[in-house]
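The block underneath contains the structure these notes are about, expressed in structure tokens.
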Amino acid sequence: MYRFGRVDAFRAARPTLFHSFSLFANQRRAVRTQRLICALLLTGLLGPASSSTAHADSPATRGFADCNFNGIDDADEITQGTATDCDGNQTPDECAVYETPAPLGFLIPADLRVPPDPFTAGTTTHDFLVADTGLILDLDVTINITHSFVSDLKISLQHNAVTVILSDSNGGGGSGFIDTVFDDEATDPISTGSAPFTGSFQPQEPLAAFNDMDPAGTWTLIVEDQFTGDTGTLHDWSLDFQIRGAVTNDCQPNGTPDSCEPDCDTDGLPDDCDTCTDTDSDGFGNSGFDTSGCTGPDPDNCPDLFNPDQDDADSNGVGDACQVIITQVDSISTVSTLLLTLILLCFGIRRLRTGRIPLNFASTPAKSFARESLPGNHKP
């Protein structure tokens with residue numbers, strides 16, 4: 001009889017238990033929904049959270065780009081600060097300012113006596129000015145020299161205070177260098193050849209010493225006759241470059257494209273060449289810069305905002321256009337208030353989740369109901 005009484009009491013209490021659990025489950029779902037809404041709102045204000053998942057511009061998805069051949073992804077170099085990217089095109093500046101490698105060649109007539117004085121040893125030099133700019137990837141040099149005893153000669157090339165010996169005391173009593181090409185990639189060293197050295201030879205010192213230089217500037221061929229008694233002629237010589245494009249937009253010129261030079265008014269003309277540095281393009285130049293080419297006679301009193309009238313009601317040197325902007329800064333407080341409200345909302349949801357907000361049930365608690373329904377549990 002007692003066993004059946006306990007079963008009856010449990011059956012009677014079961015609807016109340018299920019009702020209590022159902023209310024609790026519904027509240028948990030509501031908390032989760034509110035937390036999701038809060039997270040979405042905060043994400044919209046503060047930006048998406050970081051993730052370790054590969055994204056669209058990661059090396060894994062965009063492919064490996066290494067324009068300077070140093071084994072490091074170009075975008076990683078820019079992100080890590082080991083390479084600059086002044087124009088924001090995701091290519092390091094050392095590559096971005098140059099185009100596809102292209103040939104650049106010059107045939108340079110000379111017809112100079114070697115040595116200058118036929119009765120003494122001496123040195124013949126010939127200068128050539130290159131105007132093109134870029135980045136040297138490779139250089140070959142060709143010479144045509146006739147001489148009665150070619151091993152008397154020491155031949156060098158000089159540029160930007162760097163001197164490379166092409167040949168020194170080679171060829172014995174031969175008659176000269178005829179269409180001799182000095183090429184680092186050649187198979188035979190010049191020291192193993194014989195006069196007149198027609199063909200391609202490795203120079204005595206590598207021409208790679210000029211790699212990564214700008215070809216612009218003076219190149220000097222130096223032919224030194226180290227002994228008396230023999231003479232000859234430097235007929236011509238040539239420079240054959242492989243360069244990575246050429247910088248054509250270089251107003252200084254300094255070998256750096258204008259797009260990568262400081263340009264405070266963003267008009268495409270570097271500050272060093274700009275006769276009117278005018279950020280807001282109102283005709284009045286920025287203070288501290290060359291304003292000789294500007295329309296307005298005085299420095300701009302509000303250089304970041306277009307204000308051709310230059311109004312300054314209180315004569316404090318700051319244009320009225322800039323002072324109006326300052327009075328509007330208080331509107332930022334609205335965004336701050338919204339953000340604070342969302343944060344407080346999230347803390348409120350946390351309190352509900354931890355059970356500090358009481359749950360009210362309309363029916364009698366199941367545990368008490370079960371006890372009162374059991375035989376022998378009634379108090380007199």
Practice item. Per residue of the stretch 306-316, in order, report the coupling 6.51 cos²θ - 1.76 cosθ + 1.60 (Karplus, θ = phi - 60°) as ³J(HN,Hα) in whole Hz, putting x for Gly and Pro. Key: 5, 8, x, 7, 6, 5, 8, 4, 9, 6, 9
Check your understanding: Between Phe227 and Leu305, what is the label-to-label distance in nm when each label sits 7 Å out along the Cα-to-Cβ direction?
Key -> 8.4 nm
Study note, to complete from the structure: Residue-ordered couplings for the stretch 148-156, obtained by feeding phi - 60° into the Karplus form 6.51 cos²θ - 1.76 cosθ + 1.60 and rounding to whole Hz (Gly and Pro as x), are 6, 8, 5, 6, 6, 9, 10, 10, 9
Review point. Ranked by Cβ crowding within 10 angstrom, fewest neighbours first, how are Phe177, Phe182, Phe106 ordered?
Key: Phe106, Phe182, Phe177
Practice item. Would you pull out the residues with amide H under 5 Å of Ser167's amide H, same chain only if 5 or more places away, H placed 1.01 Å from N? Key: Ile155, Gln204
Review point. Using a Förster distance of 35 Å, how high is the FRET efficiency between Asn316 and Thr266, based on the Cβ-Cβ distance and rounded to 0.05?
Key: 0.80
Review point. ³J(HN,Hα) across the stretch 127-140 via Karplus (A = 6.51, B = -1.76, C = 1.60, θ = phi - 60°), whole Hz, x for Gly/Pro?
Key: 9, 9, 9, 9, 8, 5, 10, x, 9, 6, 9, 7, 9, 10
Exercise for review: Please work out the FRET efficiency for the pair Arg113 and Thr198, using the Cβ-Cβ distance as r and a Förster radius of 25 Å; give the result to the nearest 0.05.
Suggested key: 0.65
Review point. Which translational diffusion coefficient, to the nearest whole µm²/s, is obtained for the stretch 101-244 from the Stokes-Einstein equation, given a Kirkwood hydrodynamic radius over C-alpha pairs, 37 °C and 0.692 mPa s?
Key: 218 µm²/s
Study note, to complete from the structure: Spelling it out for Asp183: with amide H atoms placed in the peptide plane at 1.01 Å from N, the residues 5 or more places away or on another chain with amide H under 5 Å from its amide H are Phe201, Gln202
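Coordinate-derived values only; no laboratory data. Remember, predicted model here, so these are calculated numbers, not experimental data. Cβ sites come from the backbone with ideal geometry, for glycine too, and all protein chains shown count toward neighbours.
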